[in-house]
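Inspection log for the structure reproduced underneath, given as structure tokens.
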Amino acid sequence: MTATKTTEKTTDNLIKKGTLPSGIKVEFNPSKSTGHTLMKARKASGGFATVIYIMAEIATFDGKQLPAPEILNYQDHDVIAIEELWESAKPGK
């Protein structure tokens with residue numbers, strides 16, 4: 001099951017929004033992720049959950065920012081949907 005997604009254009013950025021299969025609403029700004037965010041996420045995750053660690057830095061879940069270990073406690077289909085939301089934020093998607 002995949003997350004539903006919408007895009008809201010604001011003055012300076014592009015906010016991505018989605019709803020996970022469990023109903024949790026996710027909102028993030030992919031432009032907040034930099035090379036530094038990526039390196040920090042890779043180091044913290046050991047390279048295995050990099051997307052989740054990036055999303056922990058730039059996303060809110062039902063309006064709250066959560067640490068990556070808490071996000072990783074979500075149901076597997078929600079974690080997969082978060083990864084898919086990140087993938088859909090690539091330019092040209």
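Going through the range 13-36 one residue at a time, which ones are within 24 Å of Asp76 (Cβ to Cβ), open to solvent by 20 Å² or more (accessible area, probe 1.4 Å) and touching an Asp or Glu at 6+ places or on another chain (Cβ under 8 Å)? Of everything in the range 13-36, those that are within 24 Å of Asp76 (Cβ to Cβ), open to solvent by 20 Å² or more (accessible area, probe 1.4 Å) and touching an Asp or Glu at 6+ places or on another chain (Cβ under 8 Å) turn out to be Lys16, Lys17, Pro21, Ser22, Ile24, Lys25, Ser33.
Can you tell me how many residues within the range 27-49 are part of a loop (DSSP other than H, G, I, E, B) and farther than 16 Å from Gln65 by Cβ?
5
Out of everything in the range 44-77 that is open to solvent by less than 70 Å² (accessible area, probe 1.4 Å) and among the aromatic types (Phe, Trp, Tyr), what residue ends up being nearest to Leu14 (Cα to Cα)? Filtering the range 44-77 for residues that are open to solvent by less than 70 Å² (accessible area, probe 1.4 Å) and among the aromatic types (Phe, Trp, Tyr), the one nearest to Leu14 (Cα to Cα) comes out as Phe61. Residue-level check: of (1) over 10 Å from the mean Cα position of the chain (by Cα); (2) modelled with pLDDT of 95 or more, Thr60 misses just (1). Regarding the range 66-76, can at least one residue be identified that is part of a strand (DSSP E or B) and out of contact with any helix residue (DSSP H, G or I) (no Cβ under 9 Å at 6 or more places or on another chain)? Checked the range 66-76: no residue is part of a strand (DSSP E or B) and out of contact with any helix residue (DSSP H, G or I) (no Cβ under 9 Å at 6 or more places or on another chain). Per this entry, Lys90 is counted among residues that are assigned to a loop (DSSP other than H, G, I, E, B), of a type outside the set (S, T, N, Q) and open to solvent by 70 Å² or more (accessible area, probe 1.4 Å).
The values are calculated or read from the model by the stated rules, or taken from the named source; none is laboratory data. Treat the numbers as computed from the prediction; the structure is a model and nothing was measured. Glycine also receives a Cβ, built like all others from the backbone with ideal geometry; neighbour counts cover every protein chain displayed. Surface accessibility is based on the protein's heavy atoms, side chains included, excluding ligands, DNA and RNA. Shrake-Rupley method; radii C 1.70, N 1.55, O 1.52, S 1.80 Å.
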